[in-house]
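Student: Quick one: the structure is below, and I'll ask about it shortly.
Just so you know, all these numbers are worked out from the coordinates, no wet-lab data involved. What you see is a predicted model, and the numbers here were worked out from it, not measured in a lab. Positions of Cβ are backbone-derived with ideal geometry, glycine not excepted, and every protein chain shown enters the neighbour counts.
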Amino acid sequence: MISNLVILLFSFLITVFGFDPNSNSNVAVYWGQNSRGQATSQQRLSYYCNSPDLDIVILSFMHVFPDPIQMNFANACEDSFTSDGILQCPNIAEDIKSCQAQGKLVLLSLGGAAGSYSMTDAEAPAFAAKLWDLFGNNNNLPTNQRPFYDAVIDGFDFDIENNNPAGYPALADNLRTIFAQDTSKNFYLGAAPQCPYKDASVGDLLLQSYIDFVFIQFYNNYCSLGPNFNWNTWLDYATNDSPNKNIKLFAGFAASPTAAGSGYVTADVISQYLTSEIMSSPNFGGISMWDASQAWANTDSNGVTFVHDMKNIVAGAPVVPPVSTSSTTSTTSSTTTTSSTTTTSSTTTTSSTTTTSSTSTTSSTSSTTTSSSSTSIASSSTLSSSSSTPTSSSTPSSSSVESTTSSSSVGTTRTTTSSIITTRTHTEYVYAPTTLVTVQTSYQIQTTNTHLVTVYGRPTGLAR
C-alpha cells in the first residue's frame, strides 16, 4: 500500500515539475553526436534525462532526407536497420519513453552541419506523412519497421545549415496539419538558426510558419555573447514578425571550449548577459546547448557541470504570463451618466458552461436604463495540439490560450423611447481546465428620451 502511494506521489511530482511550454526557465540540450569525441563521453539518453537540469532533449540527427532517409547517433546506435535501411535503435526507443515519463520533451532534429538534405514544396506533403509514420502516433507501419519502435517523439527540430531554405515552410505546415488530427498529446516544432538575422537556412521558415521554439546559436558568429550580442534583434522578430506571438526564444551556447570553433563563454559571462530584463520577456524560453557530451563533462573547480550552471541561471527568471490581447470599449452620448461595478470570484471545478439570464420591464415616462453583464477569462494553460496548434492558417498556439465569452467588436444603437425601463442581466460561468472564474460587470446608462444600447461583447441570444 505504501509503495503504491509512493509511486503515485512520484508520478504527481513528475507531472507538476515536468516540461512546461510556457516556462521561461527550460534547458534544452542536443544529444546524439558525441561532439567531445571520446568513447565514453556520450552516455545513453536516459542518463541525461535522469538529471533535473534537463527539460528538452533534441535527438541529432536525421542528416539525409527525403529519399533515402538516414540517421546518425554516433556511438548510441550503429548496427541495426529497418528493411528500408533506416537506423533502428532499441535502446533509444526505451530511453525516449523513460525521458517522457520524467516529464522531458523529446524532439528529433533534421539536418545538421554535415549532411545531404533538401526539401521542396512538392516533396513536403509526402515527407511529412513519412515522418509521422516513422516517429508519430501512427500504426501505418509495423512497430518493427519504425526506428524507435513504439516510442512516439514529441515533435521535430529544423537544424538546417546548408543555406537552402526552400520547402521547409511547406514541410512545417504539413506537419502542423497532421499534429492537429492527433489528440493524444501536444506536438511541437523547433528551429535552430545561427544568430545573424535573418538566418540563411531557416529564415523563411521562421517568418512563414508557426514554430514553438527557436534555439538560437550564439556562437561561431560575430553576434555571439559580447558587444555585438543581438538578442534584441531576435526579440523584435518574436514580437513583430513571428506567426506565433508566444514563440519561445532560447539562448543557445557552446557547452565547452571544444564544442564550437569559437564563441564559448563561461557561465559567469552568460549570467551577466542574460539580464533580468531579457529573462522576463514573455518570449524568453530558456537556454539551449550543444551538446550533451560536452555539457556534462565541462565542470568547474567544485565539480559543478555546465548544464547545472545553466539551469541555475534560468531558475531565477521571473515568471511571465504568455502574450495576450485585449479590446477596449468606449461610447459617447450627450446627457449620459455611466456607472460600472465589477465582481470577480474563483474556485476549482471541472463542470461545463452554464448560462442564466433574466429580463424585467417597468413602465416609466422619463428614461430608459439598460444593464448587462458578461464574463471573460484569460488562461495560460496548455491544451492538446488538436485544439491549440494551428495548421497553415497560423491560428494561436498551445502556449497561450485566451477564452472569452465577449466579442471584440463594439457597436452603438439609438432607439427613441419615453415610457420603458428595461433591465437585462446576463451571467456566464466560464471554465478553464482547472479554474472557474466569473467576472460580472454591470453598466447603467441613463439619458432623456433616448434608449442608448452599449454593446460590450453582447452575448448571443440577448435581444438588442
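Student: Might you report the magnitude of the Cβ-based charge dipole of segment 157-205 about its Cα centre, with Lys and Arg at +1 and Asp and Glu at -1, to the nearest 20 debye?
Tutor: Roughly 140 debye for segment 157-205.
Student: So, with +1 on the Cβ of K and R and -1 on the Cβ of D and E, and no other charges, what is the size of the charge dipole of segment 20-315 about its Cα centre, to the nearest 20 debye?
Tutor: 260 debye
Student: In debye, nearest 20, what is the charge dipole magnitude of segment 147-267 about its Cα centre with +1 on Lys and Arg Cβ and -1 on Asp and Glu Cβ, if you could check?
Tutor: So the magnitude is around 240 debye.
Student: Now for a different question. Please go through segment 221-272 and write out the chymotrypsin sites (Phe, Trp or Tyr not before Pro) that DSSP classes as loop and that have at most 12 other C-beta atoms within 10 Å.
Tutor: Sparse-neighbourhood loop chymotrypsin sites (Phe, Trp or Tyr not before Pro): none present.
Student: How many nm separate the modelled label positions at LYS97 and THR239, each set 7 Å beyond the Cα in the direction of the Cβ?
Tutor: The answer from the label model is 4.6 nm.
Student: Among the listed pairs LYS198/LYS311; LYS130/LYS245; LYS185/LYS248; LYS104/LYS198; LYS130/LYS198; LYS248/LYS311, which have their C-alpha atoms separated by more than 25 angstrom in this model?
Tutor: Where the Cα-Cα span goes over 25 Å, the pairs concerned are LYS198/LYS311; LYS130/LYS245; LYS104/LYS198; LYS130/LYS198.
Student: What distance in nm lies between label points placed 7 Å from Cα along the C-beta direction at THR275 and ARG44?
Tutor: For the pair THR275/ARG44, the computed spacing is 4.6 nm.
Student: For ASP157, which sequence-distant residues (separation of 5 or more, or a different chain) have an amide H within less than 5 Å of its own amide H, given hydrogens modelled in the peptide plane?
Tutor: Long-range HN contacts for ASP157: LEU108, SER109, LEU110, GLY190.
Student: Determine, for LEU87, LEU105, LEU207, the number of other Cβ atoms within 10 Å of each Cβ, and report the residues in order from fewest to most.
Tutor: So the ranking, lowest neighbour count to highest, is LEU207, LEU87, LEU105.
Student: Figure the gain on full extension for PHE81 and THR120 (residue separation times 0.36 nm, minus the Cα-Cα span) and round it to one decimal in nm.
Tutor: 11.4 nm
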